[in-house]
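Engineer: Below you will find the structure I want to go over with you.
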Amino acid sequence: MNIRKIFVKRNEIIGGHFNELRAKIGMANQDEEAVFSLREEICNACPLKSGNNCNAMKWMNPETLEVADAPKDGFIRGCGCRLSAKQRSKLSLCPAGFWGGEFERK
């Protein structure tokens, strides 16, 4: 991983945790929270969700939602992230492509 990607990932993580904290103390942006809530609904329906994490020990076909214990063609691996923070990161993307990019400048 190059240095630029490391800083992008760092910013994703910090932003997600910051927005999670803002929500807990009642200072959240309600427009952003609507997007974060939709992301949470999507993750809650995903077969890769395990507790509050996206299971990095499983692979899933995003079109069929079939889950496998080993890599297969057309399958993506769970990211392993703590979802309550990742869902609140404006920069993050779901590895299966189910959400992300809602905050990109147009």
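The values are calculated or read from the model by the stated rules, or taken from the named source; none is laboratory data. Worth saying up front: this structure is predicted, and the values here are computed from it rather than measured. Cβ coordinates were reconstructed from backbone atoms using ideal geometry, including for glycine residues, and neighbour counts include every protein chain displayed.
Engineer: Just checking, which of ALA56, ALA28 is in contact with a helix residue (DSSP H, G or I) (Cβ under 8 Å, 6 or more places away or on another chain), farther than 19 Å from GLU104 by Cβ and in a loop (DSSP other than H, G, I, E, B)?
Structural biologist: Only one candidate passes the filter, namely ALA28.
Engineer: Quick check: anything in segment 2-11 at pLDDT 95 or above and surrounded by 13 or more Cβ atoms within 10 Å (Cβ to Cβ)?
Structural biologist: There is no residue in segment 2-11 that is at pLDDT 95 or above and surrounded by 13 or more Cβ atoms within 10 Å (Cβ to Cβ).
This table checks each residue for (1) closer than 17 Å to PRO95 by Cβ; (2) in a loop (DSSP other than H, G, I, E, B); (3) free of Cβ contacts under 8 Å to residues at least 60 places away in the same chain.
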{"site": "ILE13", "(1), (2), (3)": "yes, no, no"}
{"site": "HIS17", "(1), (2), (3)": "no, no, no"}
{"site": "GLU20", "(1), (2), (3)": "no, no, no"}
{"site": "CYS43", "(1), (2), (3)": "yes, no, yes"}
{"site": "CYS46", "(1), (2), (3)": "yes, yes, yes"}
{"site": "LEU65", "(1), (2), (3)": "yes, yes, yes"}
{"site": "ASP73", "(1), (2), (3)": "yes, yes, yes"}
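Engineer: When you go through (1) at pLDDT below 95; (2) within 14 Å of the chain's Cα centre (by Cα); (3) basic (Lys, Arg) one by one for LYS49, which number turns out not to apply?
Structural biologist: Going through the list (1) at pLDDT below 95; (2) within 14 Å of the chain's Cα centre (by Cα); (3) basic (Lys, Arg), LYS49 breaks only (1).
Engineer: Hey, can you tell me all the residues within segment 57-99 that are among the aromatic types (Phe, Trp, Tyr) and under 25 Å from ARG22 (Cβ atoms)?
Structural biologist: Within segment 57-99, PHE98, TRP99 meet the criteria.
Engineer: So which of GLY74, GLY78, GLY15 ends up being surrounded by 16 or more Cβ atoms within 10 Å (Cβ to Cβ), at pLDDT 95 or above and of a type in the set (Gly, Ala, Ser)?
Structural biologist: So the residue among GLY74, GLY78, GLY15 that is surrounded by 16 or more Cβ atoms within 10 Å (Cβ to Cβ), at pLDDT 95 or above and of a type in the set (Gly, Ala, Ser) is GLY78.
Engineer: What single numbered condition from (1) of a type outside the set (Asp, Glu); (2) under 17 Å from the mean Cα position of the chain (by Cα); (3) on the phi > 0 side of the Ramachandran plot fails to hold for PRO62?
Structural biologist: (3)
Engineer: Consider ALA85 against the criteria (1) more than 22 Å from ILE13 (Cβ to Cβ); (2) assigned to a helix (DSSP H, G or I): it satisfies all of them except one. Which criterion is unmet?
Structural biologist: (1)
Engineer: Which of the residues that make up segment 34-52 are buried (at least 16 other Cβ atoms within 10 Å of the Cβ) and in contact with a strand residue (DSSP E or B) (Cβ under 6 Å, 6 or more places away or on another chain)?
Structural biologist: Result: CYS43, LEU48.
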